[in-house]
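Beneath this line is the structure, given in structure tokens, with notes to follow.
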Amino acid sequence: MTTSDVMLEVTDMVVSYGRIEALHGISMEVRTGELVTLLGANGAGKTTTMRALSGLLPLRSGKILFEGRDLTHVQAHKRVGEGLIQAPEGRGVFPGMTVQENLDMGCYLRKFSNSAEYKARLEWVFELFPRLLERRTQTGGTLSGGEQQMVAIGRALMARPKLLLLDEPSMGLAPKVIQQIFRIISEINAQGTTILLVEQNAQQALRRTNRAYILETGEVTRTGTGEELLADPSVKAAYLGVG
Ligand SMILES: Nc1ncnc2c1ncn2[C@@H]1O[C@H](COP(=O)(O)OP(=O)(O)O)[C@@H](O)[C@H]1O
Ligand SMILES: [Mg+2]
């Protein structure tokens, strides 16, 4: 897979909640095949960015291009149809539905053209998350936090994303589980899905990322490869707990 062509291009995106401006004009791009991280502290505007990209929040100004098409004012469900799929912050697993039913919800977002395609996708999701195959008939509410995160990512994958948006998949999980989730995210990317990942967990995210943007109070303040940012003294001080 080539990484030269731009899949997502965001230019000067401004988003407000009422009179409070949360994003002050951010610009970023994701190229086909990349795993890009948007790193920022609590309240920096990461979820706002994701919701604006998904079409759940309107832009006050700026532009979103996806595969060259202007999606700035396109409705959320149509963006899903284009392959812009988000696994939401807080997982959003339906507690009363089984793992299988939760995964199937992803298919309704973007339908398969035939059952063979559906079966192949489902098999792939179960290969990535063998745990979900074991828990297939268990209800979402009885799963651990890590398993719920697997369902959330698996459900997004069932909608066949061209660009997968992940909002803080590590949130609230134990370090060992976080490592496991990040390993699977890398694997999904290695197998051809382009990913935009939002994270507070700098160490894990930067180590596995092609490029990253640092978001501070609604502005992109720095960008570079994961390696460059891991070595940057100011990033170390602010995000890695070392001076
Ligand atoms: N529904 C809302 N109404 C008003 N302000 C909001 C709302 N959601 C988020 N904000 C504000 O927007 C800013 C960015 O929030 P958010 O995007 O959730 O940050 P992050 O995901 O990086 O923690 C914060 O100052 C937050 O208080
Ligand atoms: Mg958030």
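How about region 202-243: which of its residues are over 19 Å from residue 43 (Cα atoms) and among the acidic types (Asp, Glu)?
If the condition is that a residue be over 19 Å from residue 43 (Cα atoms) and among the acidic types (Asp, Glu), then 227, 228, 232 are the ones that fit.
Table: residues versus (1) closer than 21 Å to residue 167 by Cα; (2) touching a residue at least 60 places away in the same chain (Cβ under 8 Å); (3) among the charged types (D, E, K, R).
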| residue | (1), (2), (3) |
| --- | --- |
| 45 | yes, yes, no |
| 57 | yes, no, no |
| 61 | no, no, no |
| 86 | yes, yes, no |
| 95 | yes, no, no |
| 100 | no, no, no |
| 114 | no, no, no |
| 119 | no, no, yes |
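Pull up region 39-87, narrow it to residues that are hydroxyl-bearing (Ser, Thr, Tyr) and farther than 27 Å from residue 103 by Cβ, then point me to the one that is farthest from ligand 1 (Cβ to nearest atom). Write out each step before concluding.
Narrowing region 39-87 to residues hydroxyl-bearing (Ser, Thr, Tyr): 47-49, 54, 61, 72.
Then drop every residue that is not farther than 27 Å from residue 103 by Cβ, which leaves 48, 61, 72.
Details: 48: 3, 61: 17, 72: 19 Å.
Within region 39-87, the match that is farthest from ligand 1 (Cβ to nearest atom) is 72.
Test residue 11 against the criterion of being within 16 Å of ligand 1 (Cβ to nearest atom) and either in contact with a Lys or Arg (Cβ under 8 Å, 6 or more places away or on another chain) or outside any strand (DSSP E or B) (or both), and give yes or no.
So residue 11 does not fit the description; no.
State all residues of region 181-203 that are within 16 Å of ligand 2 (Cβ to nearest atom) and not β-branched (Val, Ile, Thr); if no residue qualifies, say none.
Quick first cut of region 181-203, residues within 16 Å of ligand 2 (Cβ to nearest atom) only: 196-202.
Across region 181-203, the qualifying residues are 196, 197, 199, 200, 201, 202.
Would you please name the residue that is nearest to residue 6 (Cα to Cα), looking only at residues in region 29-43 that are away from ligand 2 (no atom under 16 Å from the Cβ) and touching a residue at least 24 places away in the same chain (Cβ under 8 Å)? Before the answer, list the steps.
Step one: of region 29-43, the residues away from ligand 2 (no atom under 16 Å from the Cβ) are 29-36.
From what's left, touching a residue at least 24 places away in the same chain (Cβ under 8 Å): 30-36.
Working: 30: 6, 31: 4, 32: 6, 33: 9, 34: 10, 35: 13, 36: 12 Å.
The residue in question is 31.
Kindly indicate whether residue 217 is exposed (fewer than 14 other Cβ atoms within 10 Å of the Cβ), within 16 Å of ligand 2 (Cβ to nearest atom) and of a type in the set (Val, Ile, Thr).
yes
Can you tell me how many residues within region 49-61 are out of contact with any helix residue (DSSP H, G or I) (no Cβ under 7 Å at 6 or more places or on another chain), within 16 Å of ligand 2 (Cβ to nearest atom) and open to solvent by 10 Å² or more (accessible area, probe 1.4 Å)?
Residues in region 49-61 being out of contact with any helix residue (DSSP H, G or I) (no Cβ under 7 Å at 6 or more places or on another chain), within 16 Å of ligand 2 (Cβ to nearest atom) and open to solvent by 10 Å² or more (accessible area, probe 1.4 Å): 1 in total.
Do you know which residues across region 127-147 are free of Cβ contacts under 8 Å to residues at least 12 places away in the same chain and either surrounded by 14 or more Cβ atoms within 10 Å (Cβ to Cβ) or acidic (Asp, Glu) (or both)?
If the condition is that a residue be free of Cβ contacts under 8 Å to residues at least 12 places away in the same chain and either surrounded by 14 or more Cβ atoms within 10 Å (Cβ to Cβ) or acidic (Asp, Glu) (or both), then 127, 133, 134 are the ones that fit.
Would you point out which residue out of 85, 64, 26 is in a strand (DSSP E or B), surrounded by 15 or more Cβ atoms within 10 Å (Cβ to Cβ) and within 16 Å of ligand 2 (Cβ to nearest atom)?
Only one candidate qualifies: 26.
From 174, 159, grab the single residue that is under 22 Å from residue 120 (Cβ atoms) and either among the small types (Gly, Ala, Ser) or modelled with pLDDT under 95 (or both).
159 is the lone residue from the list that is under 22 Å from residue 120 (Cβ atoms) and either among the small types (Gly, Ala, Ser) or modelled with pLDDT under 95 (or both).
Are there helices (runs of 4 or more DSSP H) fully within region 92-191 with at least 2 residues that are within 26 Å of residue 66 (Cβ to Cβ)? List them.
Because the criterion is at least 2 residues that are within 26 Å of residue 66 (Cβ to Cβ), the helices (runs of 4 or more DSSP H) in region 92-191 that meet it are 99-109, 115-128, 145-158, 175-190.
For region 1-23: of the residues being in contact (Cβ under 8 Å) with a residue 60 or more places away in the chain and hydrophobic (A, V, I, L, M, F, W, C), which is surrounded by the most Cβ atoms within 10 Å (Cβ to Cβ)?
Per the criteria, the residue is 23.
If you check 222, 208, which single one turns out to be open to solvent by 70 Å² or more (accessible area, probe 1.4 Å) and touching a Ser or Thr at 6+ places or on another chain (Cβ under 7 Å)?
Just a single option satisfies the conditions, and that option is 208.
The values are calculated or read from the model by the stated rules, or taken from the named source; none is laboratory data. Because the structure is a prediction, the values reported are computed rather than measured. We place every Cβ from the backbone using ideal geometry, glycine too, and count neighbours over all the protein chains shown. These accessible areas exclude ligands, DNA and RNA; they are computed on the full protein's heavy atoms, side chains included. Shrake-Rupley method; radii C 1.70, N 1.55, O 1.52, S 1.80 Å.
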